Amino acid sequence: MVQKYISEPFVEERREQPYVGIPILAGLSEWDEVNGLVGELFNWLNIKGIKPAGAPFFRYWCLGDSGSKYKMEVGVPVKRMVTGDERVIASYIPGGSYLSAMHKGHPGSLQKSIDLLEQWAVQEGLDIDKRWEGEDEIWNGRFEFYVTDPETEPDLNKWAIEIAFLLMRDDAA
């Protein structure tokens with residue numbers, strides 16, 4: 001399973017994590033706007049005197065493709081819940097079991113790692129927490145954490161991006 005651009009997948013339990021984010025509906029042609037929201041969030045946090053508690057991330061609610069838009073949020077973890085405003089929402093990353101792997105390399109090849117991680121979940125019999133509403137595949141916890149700081153590592157080929165999928169809860173336990 002291990003490829004040159006993805007680490008060995010693992011499952012871990014995570015606690016609920018508050019964050020601030022900006023929701024956006026964007027197609028692939030609008031990705032510069034999506035990326036620009038990271039800086040906007042860090043500026044917002046700085047103005048409010050709030051320190052980030054982790055790497056910025058993209059949370060995908062509903063996936064798009066080359067012809068449709070992604071329903072998503074650009075977020076930054078914070079230590080405790082804060083009050084948002086008309087642009088910035090306050091929410092939380094759900095606690096639970098996550099399937100994770102580290103993508104290593106250019107974000108342009110990230111989809112290969114995501115596909116491999118989804119295939120690995122199927123092979124291992126893991127149920128990712130998602131559902132279908134008509135034609136839309138809705139995810140309850142699909143995240144990409146951008147762990148490499150672009151200011152200290154501008155070479156996209158050396159980036160690390162953590163992929164994390166929330167797994168279905170076993171309520172029978």
> Out of the stretch 113-139, which residues are open to solvent by 30 Å² or more (accessible area, probe 1.4 Å), over 12 Å from residue 165 (Cβ atoms) and either touching a Gly at 6+ places or on another chain (Cβ under 9 Å) or part of a strand (DSSP E or B) (or both)?
Replying inline: 131, 132, 133, 136, 137
>> Checking residue 59 against (1) in a loop (DSSP other than H, G, I, E, B); (2) of a type in the set (D, E, K, R); (3) modelled with pLDDT of 95 or more: exactly one of these is not met. Which one?
In response: (1)
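Given the options 11, 76, name the one that is assigned to a strand (DSSP E or B), over 22 Å from residue 111 (Cβ atoms) and touching a strand residue (DSSP E or B) at 6+ places or on another chain (Cβ under 8 Å). Before the answer, list the steps.
Working: 11 fails: over 22 Å from residue 111 (Cβ atoms).
Matching residue, one of 11, 76: 76.
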>> Being open to solvent by less than 80 Å² (accessible area, probe 1.4 Å) and either over 24 Å from residue 165 (Cβ atoms) or among the basic types (Lys, Arg) (or both) narrows it down to one residue among 78, 74, 34, 82; which is it?
In response: 82
> What residue, of 109, 97, is of a type in the set (S, T, N, Q), in a strand (DSSP E or B) and open to solvent by less than 70 Å² (accessible area, probe 1.4 Å)?
Replying inline: 97
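Among the residues of the stretch 37-52, count how many are open to solvent by less than 50 Å² (accessible area, probe 1.4 Å) and in contact with a Phe, Trp or Tyr (Cβ under 8 Å, 6 or more places away or on another chain). Step through it out loud before you land on a result.
The initial filter retains those residues of the stretch 37-52 that are open to solvent by less than 50 Å² (accessible area, probe 1.4 Å), namely 37-39, 41, 44-45, 50.
When the remaining residues are screened for being in contact with a Phe, Trp or Tyr (Cβ under 8 Å, 6 or more places away or on another chain), the result is 38.
Number satisfying all stated conditions: 1.
The values are calculated or read from the model by the stated rules, or taken from the named source; none is laboratory data. None of these values were measured; they are calculated from a predicted model. Quick reminder, even Gly has a Cβ in these numbers, built from the backbone with ideal geometry, and neighbours come from all protein chains shown. These accessible areas exclude ligands, DNA and RNA; they are computed on the full protein's heavy atoms, side chains included. Shrake-Rupley method; radii C 1.70, N 1.55, O 1.52, S 1.80 Å.
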